[in-house]
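*Asks:* Take this structure, written in structure tokens, and hold onto it; I'll ask about it next.
The values are calculated or read from the model by the stated rules, or taken from the named source; none is laboratory data. The shown structure was predicted, so the numbers you read here are calculated from the model rather than taken from an experiment. Glycine also receives a Cβ, built like all others from the backbone with ideal geometry; neighbour counts cover every protein chain displayed. These accessible areas exclude ligands, DNA and RNA; they are computed on the full protein's heavy atoms, side chains included. Shrake-Rupley method; radii C 1.70, N 1.55, O 1.52, S 1.80 Å.
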Amino acid sequence: MNKPIDLRSDTVTKPTLDMRKAMLDAEVGDDVYREDPTVNKLQERSAELFGKEAGLYVPSGSMGNQIAVKTHTLPGQEVIGDSDCHLFNFEMSAMSQFAGVMPRMVYTKRGFLGLEDVKGAFKPGSDHTARTGMVALENTHNLRGGGIYPADEMKTVVDHVHKQDVPVHLDGARSLNAAVASSVTPAELTKGIDSVMFCFSKGLGAPVGSMVVGKRDFIEEAHHQRKRLGGGMRQAGIIAAGCLYALDHHIERLADDHAHAKMLGKALSEVGLDVDPVETNIIFCTTAEDNAQQVAEQLSSHGVLCFALGPNRLRMVTHLDVSAEDAQRACEVIKQILG
Ligand SMILES: Cc1ncc(COP(=O)(O)O)c(C=O)c1O
């Protein structure tokens, strides 16, 4: 029996042997005292990679987003975002509790706020309305199939929001996928954006952690908020070493995941499913009937694990632990079971 091909998420990756060796050799210190040399190095490398002044290593992407919201906003303000963004849908309404802010959700066709969307939702504050405290973007967009934010559109939105003196945060959990797929550097991709959160624990294959990057004074305040959330870690260099290894070895190879995702998308459309455009490592398709759960179970029972996200929506995600052979085998199972 072949081992299952796990396409449920890119969070399921396990650290490679070489990554584990790098972790074993990590120099560590107490990071709450800012004395962990490996964490410090990771924060500096990350800030440099994204062209920002400073970085803060956090335990998870959700915590990174929440810290950014809390640091940018005041209680009672609104955060504008796409209605399907991770921040509004999968973070347990934490921003309402922790930062005391309201989501101002805007439905968009592909998950990317355009200028008119932001203009329509924006509130400068009056005797009758709250103020917009932050605009949240997501690139790539998870629930909308790993699509890449069109660069011009993002720039227009960011420039407009800045004219209103409001900060922009990017949930860039998979921003490195977007950068690799668009052949631009992460710094170019996120130029002008006030803060970016990106994850090491997804396609980069590290076991734990995400990073928030931004201006030095923003990161200083974010550091305070991380501790408030219980996110102060001690000898975190052990896990940060896995992230440094990922920055050195696992960025360019994201292109392989994108190629495998395209193979799977093609196989799914060949068996008659309606597949969203595949731009990075996420594949979404719509099943003809409301039977996505049944299809996911059928595939899983033949060793291809994936998720039904909605009655007729099926999601697959490629990653470091899905080889070209695995992707090929998954395509064969799809054709055999669903064809
Ligand atoms: C777009 C996006 N943002 C944020 C997160 C949160 O990351 P974490 O699971 O590390 O909290 C995820 C996780 O899947 C995600 O897809």
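*Asks:* Share of segment 281-339's accessible area from carbon and sulfur, percent, 1.4 Å?
*Replies:* 48
*Asks:* Once fully extended, how much extra length lies between Lys119 and Gln164, figured as 0.36 nm per residue of separation less the alpha-carbon to alpha-carbon distance?
*Replies:* So the extension gain works out to 15.2 nm.
*Asks:* Based on the Cβ-Cβ distance from Met102 to Ser301, what FRET efficiency comes out when R0 is 45 Å, to the nearest 0.05?
*Replies:* 0.55
*Asks:* Of the peptides 273-286, 18-31, 57-70, 120-133, how do they stack up when ordered by the mean number of other Cβ atoms within 10 Å, highest first?
*Replies:* Values: 273-286: 22.1, 18-31: 16.1, 57-70: 25.2, 120-133: 13.5.
Those peptides, ordered most packed to least, come out 57-70, 273-286, 18-31, 120-133.
*Asks:* Then there is this: Which value, in debye to the nearest 20, gives the size of the charge dipole of the chain about its Cα centre, when Lys and Arg are +1 and Asp and Glu are -1 at the Cβ?
*Replies:* With Lys and Arg at +1 and Asp and Glu at -1, about 340 debye.
*Asks:* Run down the lysines and flag those whose C-alpha is under 21 Å from the C-alpha of Lys227, throwing out any fewer than 8 positions away in its chain.
*Replies:* Leaving aside lysines fewer than 8 places away in the same chain, those within reach of Lys227 are Lys41, Lys70, Lys215.
*Asks:* Using the Karplus curve 6.51 cos²θ - 1.76 cosθ + 1.60 with θ = phi - 60°, work out ³J(HN,Hα) for each residue of segment 137-146 in order, rounded to whole Hz, and write x for Gly and Pro.
*Replies:* Coupling constants for segment 137-146: 10, 9, 8, 6, 9, 5, 5, 9, x, x Hz.
*Asks:* State, to one decimal in nm, how far the label point of Arg329 lies from the label point of Lys227, with both points 7 Å from Cα in the Cβ direction.
*Replies:* My value for the distance between the label points is 4.9 nm.
*Asks:* Please give the Cα centre distance for segment 155-202 versus segment 281-339, rounded to the nearest Å.
*Replies:* 30
*Asks:* Amide H to amide H under 5 Å from Asn291: which residues, 5+ apart in sequence or cross-chain, H placed 1.01 Å off N in plane?
*Replies:* Placed amide hydrogens put nothing under 5 Å from Asn291.
*Asks:* Can you pull the percent of Cα pairs in segment 188-339 with separation above 19 Å?
*Replies:* Here the long-distance tail beyond 19 Å is 62 percent of all Cα pairs in segment 188-339.
*Asks:* Where a ≥ b ≥ c are the square roots of the eigenvalues of the C-alpha gyration tensor, would you call segment 1-62 rounded, which needs a/c under 1.5, or, failing that, prolate if a/b is larger than b/c, or oblate?
*Replies:* The shape class here is prolate.
*Asks:* Here's something else I'd like to know. So, in nm, how far is label Glu153 from label Asp290 when the simple model puts each one 7 Å beyond its Cα toward the Cβ?
*Replies:* Placing both labels 7 Å beyond Cα along the Cβ direction yields 2.9 nm.
*Asks:* So, one more: Rounded, prolate or oblate: which fits the chain, taking a ≥ b ≥ c as square roots of the Cα gyration tensor eigenvalues, rounded meaning a/c under 1.5, else prolate when a/b beats b/c?
*Replies:* Oblate is the answer for the chain, as a/c is 1.5 or above yet b/c matches or exceeds a/b.
*Asks:* Pull up all non-local amide H partners of Ala236: gap of 5 or more, or a different chain, and H-to-H distance under 5 Å with H placed in the peptide plane.
*Replies:* Gly29, Asp31
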